[in-house]
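Undergrad: Before anything else, here's the structure in question.
The values are calculated or read from the model by the stated rules, or taken from the named source; none is laboratory data. This is a predicted model, so every value here is computed, not measured. Cβ sites come from the backbone with ideal geometry, for glycine too, and all protein chains shown count toward neighbours. Accessible surface areas use protein heavy atoms only, side chains included; no ligands, DNA or RNA. Shrake-Rupley method; radii C 1.70, N 1.55, O 1.52, S 1.80 Å.
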Amino acid sequence: MDGYNILEVLDHIDPALLDYQGWINVGMALKEEGYTAADWDHWSRRDAGRYHTGECFRKWDGFRGNATPVTGGTLVQIAKDQGWSPEYGHELDWDDAIQDEHVVVDKAWVEGREIREPEHWSPAEQLIRYLETLFEAGENVGYVTASWEKSDEKGTRWLPQQGSVDRTAGQLIEQLNHCKDDLGAVLGDYREEAGAWIRFNPLDGKGCKNENVTEYRYALVESDSTELEKQNAIIRELELPVACLVFSGKKSIHAIVRVDAADYDEYRKRVNYLYEVCKKNGLEIDTQNKNPSRLSRMPGVIRNGHKQFLMDTNIGKSSWNEWYEWIESVNDDLPEPESLDGVWNCLPELSPCLIDGILRQGHKMLIAGPSKAGKSFLQIELCCAIAEGRRWLNWDCAQGKVMYVNLELDRASCLHRFKDVYTALGWRPKNLQNIDIWNLRGKSVPMDKLAPKLIRRAAKRDYIAIVIDPIYKVITGDENSADQMAQFCNQFDKICTELGTAVIYCHHHSKGAQGGKRSMDRASGSGVFARDPDAMLDLIELDTSETLMEQEANKATCDACTQFLNAHFTDWEDGISLDDTFSAVRMLEYSRKKVYGEDARLLEQMVADAKKRAAEKTAWRIEGTLREFPKFNPVNVWFNYPTHCIDAVGVLNDTQPDTEKAPWQKGTDRNKKNAKDRKNDRKKTLEEAVENGNFGEEPSVKDVAEYMGISDRTVRDRIKEHGGYVIEDGIIKKKECGKD
């Protein structure tokens, strides 16, 4: 809410002084303004006598909004009623608009506009002009000249009877042209104490109710509480698309406004919008006038000695659509165009780099890739690099505070991942205070609702980057709709603009082979995803050969032996040649000769673990599409759970994604796979499905079957073949050590 910090306003409201409905209104207002049930609960605790644990949270989900929501303005008014006086800014009155949207008229400065009676008084001419403006010749017109007197606590007043609907506008105009200003001869006599009425929308000739309206063409704008001259001025300054402007002969002007609705539902929506705009601009509307069959004052008659006359026709904008677009654009908050000549010699400074050569602070970056690419780990690595001011993959990072918005993992898993990444990178966690984690699993909301909540929490934290992982949890609208995804991506712009921080997020690839596509065309859904961010990094898996993986296993064995020997001996390098230190066979042979007993078993375990990790490595190529920087050469990396590392040696330079190989080469590679390889693949696939089939919890057979896209029977066969799992009551569990 503009101008006030809601939580500060809440500090000035004593819950003990409110009745039950007042307490409920506070909760509804907090939810409407984007706060949480915890905020309401924390405030409610101040009334210890009536506070009940958990009651705020139980009622919170029941606040689902309505046409007239309780807003932050209610909290301001309650605080002021309890004696609070704001120390800054404009003090709002109860009826003040909380936001300036759609405000065209400055109510404090609007000058009244005089209402002048027509110099030449011709009742028939007045009504003919009214009919010609509003109706087609063949359309039936409803009007009332007969009235009856009613007396009650409001006083004595004249009310209309049912009236007539049997003649068309053409028939009435023809008769009025020959009546010599005797309206009674055409319409029937009316009481001068009461005046006469007419309906502004055409009818079917069978009645005068809403269901008898044939065209939802006009709506009535009438205000009894605003000064006449100000009514006249506001209606004109708002440029309402008025077809006819009629003086009622008493204390109001009747504006017959074009709404041009296709049906009754659209009519109601447009009238509500029209009345809202009028109210925000100082014109208090009589809301009883909403229905399309409503009566308005008939021009050309006398009412209590005053003329009901036509003040104007066809003023303001020419149509509803033109007026609506104008109103929406008046308060668009967009900057004015500026001349390049004025800034040529004093250009503004560019935002500093967040990721050198890739992304500036305050900009947006998308990381796209398929499953198993380790995108979440890649983002966690980036958070650690920013916090420590270190290198991320191939690029240096600025140092500063970063928020990681976790939408997918449970809290414990997320925190452990950060520690695992730090450990695998071999970095000392010197600046953990630079990383904030917002755990929202099970509590995420659509992005248009999340953005203001995020902005409020991050406003005073000086983040230079906010990482949102993953965005599919907060997508609003159809992923394949360009305009809906553009609105979704605009929320990232809002965060960047409001906080001056970079926003980094990841998205998945579309289904099917990706190697033959451009990097920016691989992301799933609308092309907006790839074209909206200032930087996009795309990962695609490389198809590693058996020879290459054998080389990696050889290197892993040598590294394990070196690590072991360094830990146990100081001069071991003197007993082996430099060339042999690059041979797994020679290093193992040499290492085994130097140890025995428990040390020997430790060596074998270290080597086995190293070879297993080498076999589990996957190779990836990162390509980029950048808006602010030149395109970089593709970067090849290994994903060795839980981190990615650059292929510094260059062994992946000639490796291609599977879809980029020639057909004959694909066939040759497939034939090289023997039965053992296929069995290992099935084993790995099953392990992945068990791990991820139920979001980290023990999955059922059905969960794994749906994840893998196979039958329950096939899952049971794969589990039996694997040997490392058992099925208990339909749940797949790891087999305990030592049990068959």
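Undergrad: For region 121-163, name all the residues that are over 20 Å from Cys208 (Cβ atoms), charged (D, E, K, R) and either touching a Cys at 6+ places or on another chain (Cβ under 9 Å) or surrounded by 11 or more Cβ atoms within 10 Å (Cβ to Cβ) (or both).
TA: Glu125, Arg129, Glu132, Glu149, Arg157
Undergrad: If you go through region 452-459 one residue at a time, do you hit one that is open to solvent by less than 70 Å² (accessible area, probe 1.4 Å) and basic (Lys, Arg)?
TA: yes
Undergrad: Scanning region 200-219 for residues that are of a type outside the set (S, T, N, Q) and in contact with a Pro (Cβ under 9 Å, 6 or more places away or on another chain), which turns out most open to solvent (accessible area, probe 1.4 Å)?
TA: Glu215
Undergrad: Ok, one more. Can you go through Lys372, Lys430, Lys419, Lys443 and tell me which one is within 25 Å of Thr618 (Cα to Cα) and outside any helix (DSSP H, G or I)?
TA: Lys372
Undergrad: I'd like the full set of residues that are crowded, with 20+ Cβ neighbours inside 10 Å, within 22 Å of Gly300 (Cα to Cα) and touching a Leu at 6+ places or on another chain (Cβ under 8 Å), limited to region 248-282.
TA: Once the filter is applied, which keeps residues that are crowded, with 20+ Cβ neighbours inside 10 Å, within 22 Å of Gly300 (Cα to Cα) and touching a Leu at 6+ places or on another chain (Cβ under 8 Å), region 248-282 yields Ile253, His254, Ala255, Ile256, Val257.
Undergrad: While we're here: Consider Ile495 carefully, then state whether it is modelled with pLDDT of 90 or more, within 19 Å of Leu366 (Cα to Cα) and outside any helix (DSSP H, G or I).
TA: Answer is no for this residue.
Undergrad: If we keep just the residues of region 689-713 that are surrounded by fewer than 15 Cβ atoms within 10 Å (Cβ to Cβ) and within 24 Å of Glu616 (Cα to Cα), which is modelled with the highest pLDDT?
TA: Checking each candidate, the answer is Glu698.
Undergrad: If Lys251 satisfies every condition in (1) in contact with a strand residue (DSSP E or B) (Cβ under 7 Å, 6 or more places away or on another chain); (2) charged (D, E, K, R); (3) under 30 Å from Val186 (Cβ atoms) but one, which is the exception?
TA: Condition not satisfied by Lys251: (1).
Undergrad: Tell me yes or no: at least one residue of region 105-115 is modelled with pLDDT of 75 or more, in contact with an Asp or Glu (Cβ under 9 Å, 6 or more places away or on another chain), surrounded by 13 or more Cβ atoms within 10 Å (Cβ to Cβ) and charged (D, E, K, R).
TA: yes
Undergrad: Inside region 188-305, counting only strands (runs of 3 or more DSSP E) that do not spill past its ends, which hold 2 or more residues that are of a type in the set (D, E, K, R)?
TA: 216-222, 253-261
Undergrad: Tally the residues that are part of a strand (DSSP E or B) and touching a residue at least 12 places away in the same chain (Cβ under 8 Å), restricting the search to region 156-176.
TA: The total comes to 8.
Undergrad: Within region 7-36, track down each residue that is open to solvent by 10 Å² or more (accessible area, probe 1.4 Å), touching a residue at least 24 places away in the same chain (Cβ under 8 Å) and part of a loop (DSSP other than H, G, I, E, B).
TA: Result: His12, Asp14, Leu18, Glu33, Gly34, Tyr35, Thr36.
Undergrad: Return the pairs, sorted by first residue and then second, in which the second residue is open to solvent by 30 Å² or more (accessible area, probe 1.4 Å) and part of a helix (DSSP H, G or I), the first residue lies in region 613-627 and is in contact (Cβ under 8 Å) with a residue 60 or more places away in the chain, the beta carbons are less than 6 Å apart, and the residues are 6+ apart or on different chains.
TA: Thr625/Met520
Undergrad: May I pose another question? If I filter region 352-363 for residues that are within 33 Å of the chain's Cα centre (by Cα) and assigned to a helix (DSSP H, G or I), do I get at least one hit?
TA: no
Undergrad: Let me ask another. So which of Glu222, Glu153, Glu193 ends up being free of Cβ contacts under 8 Å to residues at least 24 places away in the same chain and acidic (Asp, Glu)?
TA: Glu153
Undergrad: Taking the condition of being farther than 19 Å from Glu552 by Cα and without any contact (Cβ under 8 Å) to a residue 24 or more places away in the chain, how many residues in region 567-591 meet it?
TA: Counting residues in region 567-591 that are farther than 19 Å from Glu552 by Cα and without any contact (Cβ under 8 Å) to a residue 24 or more places away in the chain gives 9.
Undergrad: Another one. If I filter region 590-647 down to residues being hydroxyl-bearing (Ser, Thr, Tyr) and buried (at least 20 other Cβ atoms within 10 Å of the Cβ), which single residue comes out as nearest to Asp571 (Cα to Cα)?
TA: Taking the candidates together, the pick is Ser591.
Undergrad: Pull out all pairs, ordered by first then second residue, where Cβ-Cβ is under 6 Å, the residues are six or more apart or on different chains, the first lies in region 695-717 and is over 14 Å from Ile731 (Cβ atoms), and the second is open to solvent by less than 50 Å² (accessible area, probe 1.4 Å) and not hydrophobic (A, V, I, L, M, F, W, C).
TA: Listed by first residue and then by second, the contacts come to Tyr707/Gly693.
Undergrad: A further question follows. If I ask for residues that are in contact with a strand residue (DSSP E or B) (Cβ under 7 Å, 6 or more places away or on another chain) and basic (Lys, Arg), which ones from region 136-185 would you list?
TA: Lys150, Arg157, Arg167
Undergrad: Would you check if Gly27 is modelled with pLDDT under 85 and either more than 22 Å from Leu454 (Cα to Cα) or under 24 Å from the mean Cα position of the chain (by Cα) (or both)?
TA: no
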